[in-house]
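Q: Pasting a structure here, questions to come.
The values are calculated or read from the model by the stated rules, or taken from the named source; none is laboratory data. Please read these numbers as outputs of a predicted model, since none were measured by experiment. Quick reminder, even Gly has a Cβ in these numbers, built from the backbone with ideal geometry, and neighbours come from all protein chains shown.
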Amino acid sequence: MKRPQKDIARSSRVVTRRGLVLGGVQLGLMGVLGWRMQSMQVDQADQFRLLAEENRVNLRLIPPERGLVFDRNGVKLAINEQNYRIVIIREDAGDVDDVLARLARLIPIDPEAIENAKEEMARRSPFAPVPIIERVPWEDIARVNVNTPALPGIVAEVGLSRLYPRGADMAHVVGYVGPVSDYDMSRGYLAEDDDPLLREIPRFQVGKTGVEARMEHTLRGSAGTMRIEVNAAGRVMRELSRIDGTAGQDVQLTIDSGLQAYVQARLEGESASAVVIDLEDGDVAAIASAPTFDPNLFVRGISVADWTGLNENKYRPLASKTVQDAYPPGSTFKMVTALAALEAGVIDTEETVYCPGFVEVADVRFHCWRRGGHGNINLHESLKQSCDVYYYDVGQRVGIDKIAEMARKLGLGERHDLPLSAISEGIAPDKAWKRSTRGEDWRIGDTVNASIGQGYVLASPLQLAVMTARIATGRKIAPRLVRSIDGVPQDSGAGESLGLNENNLRRIRESMFAVSNHNRGTAYRTRIQEETMRMASKTGTSQVRRITAEERARGITSNDDLPWDRRDHALFVCFAPHDNPRYAVSVVVEHGGGGSTAAAPIARDIMLQALYGGTPPLEAYPSNVRSSIREQQDRIEQQAAERANETSDRA
């Protein structure tokens, strides 16, 4: 049956419309496809070409910039410097031995450095860049960059390394950094630190000693991340994205680097230590141990010869004697015994004790340093002339528990919380201490020994300075080493009142003043001549050997005739000005002999340097020593100039 013409026309229109729609869709799809092909072939050609060459994207950690360390006046003590280095990425290198051999033919490399790099690669992810050589000259960096195609996996990069501009002067305070070790991560202070920087960046540097170690988390900062694209040869093609980390916080110390340099120079030639405390707020203005060392040696990789020289030196330059070592305080402890007795009310300031040169206790003879004795002597004279027998008697009357209680109140037997390594707690012994540590009962002879700072009593130079500061002020001075962190001031160490009777403290201070300023005082020869700056002090000598009855009978061997390590330690503590105290100083000279001859002159010179804020005038010294002081000042100033040149070269 023939379809009507009208139906045929309608069907034709429908087919035509469908064809147009279908054709439009086809044209649209072809247009999109063409646009995409043009985009991929032209606009993104480089990207896909790289992908075709088997490029890949790596994610790397960016080490943060370590915080800086300054002294109280803004002088830089620890900074960061640019460090050109060459690293290897094991996965990109292929034949590691072959690549390293080619690199060694191109630039000079210590074979030990290559072996160290191989050991490090074995412990790390194949994607981790492992340093081969640090502090590479620019000429060698350029040579490596030019030969990159022949050195797959080798990358020359710029990092930051630590530098200590003040060198040896600040070694025991600031400390130094070094690569994180297995010991640090397993048993050291980083054992519970889960920062990926420590595990994923080979030879990442952390604080090893001093402020660098104790304030590691403050100074370190946090890591950033970087996505980079590398080609099949391991060459970095581009950086895709970066998230910067957070730099470590800057730390300002209370140390006056100028005074610190002077103290270090004044201690030269001795195995000694000195501490200076500002009595206004407890700030540690100087804390020096001699001999010292250059911390930059450890950052750059110390040689075997240098390490052996430091480690085998009998004066122990690596030890921070000011806080790590504890010594019998000797006669510097007599103020503790005297204050304990005064506060307990068992003595009167005018009461006398007869000193024949010895006293017998429990069938044991305890001697005074003055063989013929001091005769009848009261508290004032006992401190001025440092009579031992007086304190043997007073110590027995007041008892060891009261003495130990006073010692702790004055800062002995207490670990002061400074950001320094291995701070000693010392020992302020009492009956309970001996029972718990020795399993023995306390004996009366122990009290006699302790009353003059011998026996079980031990104190660090820092503790002796704190003791002196508290006697001078009557306040619980707490030593402070950190002044601010990122500009935020830290708590003052000025302290509250000790709660001691002011009259008793005044009696002790007057006696200490006589030690330096009365012609029969044990430190009169090392007095300060300038009246407005005169100091109050106490000498101390602590035995390191036992003197037998036979030796006493034939005459005690002079320190000068003994081997160095069997001589007495020399100690001296002081504060000044005596009527308005500004600084407290302690000095310990290991095996120096007498406190009045070895330690007192050093302490006096340090005190004057602190009070004047620089080189004091010769008129501040007794006239009979001014010529020798002038020579000493010239020598130290010349050394300071030489160190300044070295500092300038480092910076």
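Q: Mind listing whichever residues of the stretch 260-276 are in contact with a strand residue (DSSP E or B) (Cβ under 7 Å, 6 or more places away or on another chain) and outside any loop (DSSP other than H, G, I, E, B)?
A: 260, 263, 264, 272, 273, 274, 275, 276
Q: Which condition breaks for residue 325 when tested against (1) farther than 19 Å from residue 566 by Cα; (2) more than 14 Å from the chain's Cα centre (by Cα)?
A: If we test residue 325 against (1) farther than 19 Å from residue 566 by Cα; (2) more than 14 Å from the chain's Cα centre (by Cα), just (1) comes out false.
Q: Give 107, 132 a once-over and let me know the one that is among the hydrophobic types (A, V, I, L, M, F, W, C), in contact with a helix residue (DSSP H, G or I) (Cβ under 6 Å, 6 or more places away or on another chain) and within 30 Å of residue 168 (Cα to Cα).
A: 132
Q: Could you count how many residues in the stretch 118-157 are exposed (fewer than 15 other Cβ atoms within 10 Å of the Cβ), within 20 Å of residue 81 (Cβ to Cβ) and touching a residue at least 24 places away in the same chain (Cβ under 8 Å)?
A: Going through the stretch 118-157 one residue at a time, the tally reaches 4.
Q: Being surrounded by 15 or more Cβ atoms within 10 Å (Cβ to Cβ), at pLDDT below 95 and more than 17 Å from residue 406 (Cα to Cα) is the filter here, so list the residues in the stretch 326-350 that pass it.
A: 349
Q: Another one. Quick test for you: out of 516, 537, pick the one residue that is assigned to a helix (DSSP H, G or I), in contact with a Phe, Trp or Tyr (Cβ under 7 Å, 6 or more places away or on another chain) and more than 20 Å from residue 401 (Cα to Cα).
A: Being assigned to a helix (DSSP H, G or I), in contact with a Phe, Trp or Tyr (Cβ under 7 Å, 6 or more places away or on another chain) and more than 20 Å from residue 401 (Cα to Cα) holds for just one of 516, 537, which is 516.
Q: Could you identify the single residue in 388, 401 that is of a type in the set (Asp, Glu) and over 13 Å from residue 333 (Cβ atoms)?
A: 401
Q: I've got another one for you. Looking at 401, 393, 430, 417 in this structure, which one is modelled with pLDDT under 95 and either closer than 30 Å to residue 210 by Cα or acidic (Asp, Glu) (or both)?
A: Being modelled with pLDDT under 95 and either closer than 30 Å to residue 210 by Cα or acidic (Asp, Glu) (or both) holds for just one of 401, 393, 430, 417, which is 417.
Q: Also, I was wondering about something else. So, in the stretch 393-439, exactly how many residues are part of a loop (DSSP other than H, G, I, E, B), in contact with a helix residue (DSSP H, G or I) (Cβ under 8 Å, 6 or more places away or on another chain) and not hydrophobic (A, V, I, L, M, F, W, C)?
A: Final tally of qualifying residues: 11.
Q: In the stretch 459-482, what residues are buried (at least 19 other Cβ atoms within 10 Å of the Cβ) and of a type in the set (D, E, K, R)?
A: Across the stretch 459-482, the qualifying residues are 470, 476, 480.
Q: Follow-up. Can you confirm whether the stretch 488-495 contains a residue that is more than 30 Å from residue 257 (Cβ to Cβ), modelled with pLDDT of 95 or more and aliphatic (A, V, I, L, M)?
A: Checked the stretch 488-495: no residue is more than 30 Å from residue 257 (Cβ to Cβ), modelled with pLDDT of 95 or more and aliphatic (A, V, I, L, M).
Q: What pairs can you find where one residue is in the stretch 424-446 and among the basic types (Lys, Arg), the other is surrounded by fewer than 20 Cβ atoms within 10 Å (Cβ to Cβ), and their Cβ atoms are less than 6 Å apart, with a gap of 6+ or different chains?
A: From residues that are among the basic types (Lys, Arg), the pairs are 434/440.
Q: Within the stretch 158-202, take every residue that is in contact with a helix residue (DSSP H, G or I) (Cβ under 6 Å, 6 or more places away or on another chain) and of a type in the set (Ser, Thr, Tyr) and give me the one that is surrounded by the most Cβ atoms within 10 Å (Cβ to Cβ).
A: If we take residues in the stretch 158-202 being in contact with a helix residue (DSSP H, G or I) (Cβ under 6 Å, 6 or more places away or on another chain) and of a type in the set (Ser, Thr, Tyr), then 164 is surrounded by the most Cβ atoms within 10 Å (Cβ to Cβ).
Q: Condition check: of a type in the set (A, V, I, L, M, F, W, C), farther than 22 Å from residue 272 by Cα, out of contact with any Asp or Glu (no Cβ under 6 Å at 6 or more places or on another chain) and at pLDDT 95 or above. Does residue 607 satisfy that?
A: Here the answer is no, as residue 607 does not meet what is asked.
Q: Right, next: Can you confirm whether the stretch 260-280 contains a residue that is without any contact (Cβ under 8 Å) to a residue 40 or more places away in the chain and crowded, with 20+ Cβ neighbours inside 10 Å?
A: Looking through the stretch 260-280, none of the residues is without any contact (Cβ under 8 Å) to a residue 40 or more places away in the chain and crowded, with 20+ Cβ neighbours inside 10 Å.
Q: One residue is enough: does the stretch 136-143 have a residue meeting the conditions closer than 22 Å to residue 302 by Cα, at pLDDT 85 or above and either assigned by TED's automatic domain parsing to the domain that holds residue 182 or out of contact with any His (no Cβ under 9 Å at 6 or more places or on another chain) (or both)?
A: Checking the stretch 136-143: at least one residue is closer than 22 Å to residue 302 by Cα, at pLDDT 85 or above and either assigned by TED's automatic domain parsing to the domain that holds residue 182 or out of contact with any His (no Cβ under 9 Å at 6 or more places or on another chain) (or both).
Q: What number of residues within the stretch 464-487 satisfy the criterion of being within 17 Å of residue 71 (Cβ to Cβ) and in a strand (DSSP E or B)?
A: Qualifying residue count for the region: 5.
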